[in-house]
Amino acid sequence: MLSLSETVFMNLEVDGAERIPLVTRLQYDAGDPFAVRVCFEIQEDVAVTWTIERDLLARGLAEEAGDGDVRVSPRTVDGRREARIELAGCGLDGAWGCAVFCAWEPALRHFLDRTYEAVPEGEETVDVDAFLHEVLAAG
């Protein structure tokens with residue numbers, strides 16, 4: 001099965017002003033064609049992976065998209081086109097939180113273009129039997 005991976009640099013926004021650069025790995029697997037995995041390397045041995053809908057990321061490059069735990073929107077900062085990715089959820093401590101990441105829009109667009117070349121929109125397929133087998137085996 002075809003897999004794509006690319007390293008991009010994103011910034012974690014802290015308090016809306018400070019930006020902390022992070023190495024981020026984007027991953028796409030044609031076996032799960034609707035999803036992009038975004039692995040944030042927080043520290044050398046600490047990484048957090050979020051799975052984001054591929055079409056949501058693509059829509060968010062042009063307009064505000066998402067209404068739940070993941071929101072993506074375009075913006076320009078100092079003449080630089082970015083995608084603002086807001087991730088919300090509950091942490092291990094049970095507290096609700098939100099993290100905001102900013103990615104250079106051309107790098108994210110390049111990666112998404114590669115995924116759509118690999119599996120064009122509307123041609124995604126999922127092996128439902130294999131998925132159910134995996135879910136039931138985990139239970």
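Derivation of every value follows stated rules applied to the coordinates shown; laboratory data play no part. Bear in mind that the values here come from a model prediction, so they are computed numbers and not experimental data. Virtual Cβ from ideal backbone geometry, glycine too; neighbours counted across all protein chains shown.
Numbers at a glance
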| quantity | calculated |
| --- | --- |
| Flag if PHE111 is crowded, with 17+ Cβ neighbours inside 10 Å, under 17 Å from the mean Cα position of the chain (by Cα) and over 20 Å from GLY16 (Cα atoms) | yes |
| Residues that are of a type in the set (A, V, I, L, M), out of contact with any Gly (no Cβ under 6 Å at 6 or more places or on another chain) and without any contact (Cβ under 8 Å) to a residue 24 or more places away in the chain, drawn from the stretch 59-84 | ALA62, ALA65, VAL70 |
| Number of the exception - GLY31 against (1) part of a loop (DSSP other than H, G, I, E, B); (2) surrounded by fewer than 13 Cβ atoms within 10 Å (Cβ to Cβ) | (2) |
